[in-house]
Amino acid sequence: MDHIKDQIFNLPNMVSLIRILMAPVLFYFAFTQQPYWFIGALLFAVFTDVLDGFLARILNQITTMGSHLDSWGDFIIYSTMAICAWILWPDIMLREKLYFIIIVLSFTLPVIVGFIKFHSIISYHTWSVKLAVAVTVVSYILLFTGLLDWPFRIAALFCLYAAIEEIAITLLIQHDLVDVRTVWRALEYKNKNSNESK
């Protein structure tokens, strides 16, 4: 029982929970048309995404529950980012709608495919997704502060690749696994299971 409690009530999980609780704050700033406060709150939410993984590693508190909570937090915040962008900057979103659609589908389709196969939210935390998220967040801020628009289009390609890799991992592995960093790791799991079943 204490072991289960430790899995739930640890510092990295609390940080992930804070990220989830930032979603209504982001919606508030979007609905009240406060774009600079929104971007500040978004940067804080992104910071918690970096912080929870860092804390889990240095405190040796990496758990399956923590990985799933982190993935829930990511999905909620990045979905919130997409919705709030339409509320705050509809003209820009209409102009960039093709790239916006690619990014949204890249974040949602792997989750849907994973849920259909495993009946849970996937938590692979691939390197390609981490890179895509970093590029997307930077490009999002550059786009909506009026500095540059082309990085957002590049981010769409990063997201598309990351999505294809996550879907490939889901199709390759037989059981729901966490922290499958690359498709090559998924192939190793698949080959290992094939050898064991012989």
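No value in this document is a laboratory result; all are computed from the given coordinates. These numbers were taken from a predicted model, which means no experiment stands behind them. Glycine gets a Cβ as well: all are built from the backbone with ideal geometry, and neighbour counts include every protein chain shown.
Structure notes:
- Taking other residues whose beta carbon is less than 11 angstrom from the beta carbon of Glu165, and scoring Lys, Arg as +1 and Asp, Glu as -1, yields +1.
- Full-stretch length increase - Ile102, Leu157 - with 0.36 nm per residue and alpha-carbon distance subtracted: 19.0 nm
- C-alpha center-to-center spacing [segment 44-63, segment 118-181] in angstrom: 18
- Extending 7 Å from Cα along the Cβ direction at Ile164 and again at His119 yields two label points whose distance is 3.2 nm.
- Highest-first arrangement of 167-176, 154-163, 182-191, where packing means the average Cβ count within 10 Å: 154-163, 167-176, 182-191
- Mean separation of Cα contacts under 8 Å, 6 or more apart, over the residue count of the chain: relative contact order %: 20
- Helical runs (DSSP H, four residues minimum) scored at -39500 (n - 2.57) apiece and divided by the length of the chain put the mean residue ellipticity at 222 nm at -27500 deg cm²/dmol.
- Percent RCO, i.e. relative contact order, over segment 90-176, from Cα pairs under 8 Å lying at least 6 residues apart: 40
- Karplus-derived HN-Hα couplings along segment 87-95 (A = 6.51, B = -1.76, C = 1.60, θ = phi - 60°), whole Hz, x at Gly and Pro: 6, 7, 10, x, 5, 5, 5, 5, 5
- The Cβ shell under 13 Å around Val50 holds other residues with a net charge of -1, Lys and Arg each +1, Asp and Glu each -1.
- Within segment 30-73, all pairs of alpha-carbon atoms sorted by distance into 5 Å bins from zero give the percentages 5, 20, 21, 17, 13, 11, 8, 5, 0.
- Taking Lys and Arg as +1 and Asp and Glu as -1, the other residues whose beta-carbon sits under 13 Å from that of Ile20 total -3.
- Prolate/oblate/rounded label for the chain (Cα gyration tensor, a/c 1.5): oblate
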